[in-house]
Amino acid sequence: NAGVMQNPRHLVRRRGQEARLRCSPMKGHSHVYWYRQLPEEGLKFMVYLQKENIIDESGMPKERFSAEFPKEGPSILRIQQVVRGDSAAYFCASSPIGQQNIQYFGAGTRLSVL
Amino acid sequence: DAKTTQPTSMDCAEGRAANLPCNHSTISGNEYVYWYRQIHSQGPQYIIHGLKNNETNEMASLIITEDRKSSTLILPHATLRDTAVYYCIVRVGNSGYSTLTFGKGTMLLVSP
């Protein structure tokens, strides 16, 4: 059973470009979570999604950031018009129904904004 | 949610048991204790969780005091690969929705 897959592992963007981060949850998991880890800081929750629904986006910046988890395909975290402060590691996690507190994390996408 | 307090860092010799404490004096009756760890540059990894009974799995043991105000994660035979930041998280229930809040955790350094 493959784990949570994130791609790309590394992403370099120039200021003003868009970044798209993809996450495929573990097989059978219908809950996806995105976290951000700024350099030398802890993990911060961003958004919690189920298929076609955003359940909690209380940790998402109000502007430029969006997330989706379509019926088919991976979850996408989209950052528009990236700025240097968006440089961070972005982790995706998934959990099975009824086990939301046991989350399985991917290896992360490291975004560097030049 | 109950607040947790962990030491900033700990050292352990390879092959010895690593005992990582966590204080959660305001824990309520329906809150579980979860432990995760994050090895450098990797995604966090779930280790173990419990409500009030001691728990053991292939990775670790979790000892929760009778009053549930504190707990200890035990790695029975620490290896160099166990060097990581360990997070103690208290959350409601197993099936209810909740976000995981990662604090600063304990940096465990396992040395040869």
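Structure above, values below:
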read-out	value
In segment A:88-110, residue surrounded by the fewest Cβ atoms within 10 Å (Cβ to Cβ) [restricted to those that are within 9 Å of another protein chain (Cβ to nearest Cβ) and free of Cβ contacts under 8 Å to residues at least 60 places away in the same chain]	A:Gly98
Residues located in segment A:64-114, provided they are of a type in the set (Gly, Ala, Ser) and not in a loop (DSSP other than H, G, I, E, B)	A:Ser66, A:Ala67, A:Ser75, A:Gly85, A:Ala88, A:Ala89, A:Ala93, A:Ser94, A:Ser95, A:Ser112
Qualifying positions in segment B:39-62 - within 10 Å of chain A (Cβ to nearest Cβ), surrounded by fewer than 18 Cβ atoms within 10 Å (Cβ to Cβ) and assigned to a loop (DSSP other than H, G, I, E, B)	B:Ser41, B:Gln42
Any hit, segment A:42-63, residues being outside any loop (DSSP other than H, G, I, E, B), among the polar types (S, T, N, Q) and at pLDDT 95 or above	no
Residues that are more than 13 Å from every other protein chain (Cβ to nearest Cβ) and among the basic types (Lys, Arg), drawn from segment B:63-92	B:Arg68, B:Lys69, B:Arg81
Residue tally, condition part of a loop (DSSP other than H, G, I, E, B), at pLDDT below 95 and closer than 26 Å to A:Gly106 by Cβ, over segment B:4-38	1
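The values are calculated or read from the model by the stated rules, or taken from the named source; none is laboratory data. Note that the structure is predicted; figures quoted are calculated from it, not measured. Methodologically, a virtual Cβ is constructed for each residue, glycine included, from the backbone with ideal geometry; neighbour enumeration extends over all protein chains shown.
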